[in-house]
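Structure first, commentary second.
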Amino acid sequence: MSPKRRTAKTAAARPTEVVPAYRWIQFLKQQDARGVALPATLLFSLLVRWCVALHSYSGFQDPPMHGDYEAQRHWMEITAHLPASE
């Protein structure tokens, strides 16, 4: 019997870099806390969302400076209608 070849499907099933979400799932499996997984994950995501919403965005109550909109429109026109060789 030949050894099993690693395909993209099996490589994706076993991540080489352990990401926090994978560690979280493994922790819940070890603790047999499957009933807590969804509420805990939702509460954590709501906490992150709330923390981000505490502060305003960087351009809050500042008018556009130096014709920003016109410059963006100009660059969009250049990138959309000029060939890549120019």
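The values are calculated or read from the model by the stated rules, or taken from the named source; none is laboratory data. All values reported here derive from a predicted model rather than from experimental measurement.
Values for this structure:
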{"item": "Checking Pro64 against (1) part of a loop (DSSP other than H, G, I, E, B); (2) at pLDDT 85 or above; (3) not acidic (Asp, Glu), the condition it does not meet", "result": "(2)"}
{"item": "Qualifying position, being in a helix (DSSP H, G or I) and modelled with pLDDT under 80, among Thr10, Thr41, Thr16", "result": "Thr10"}
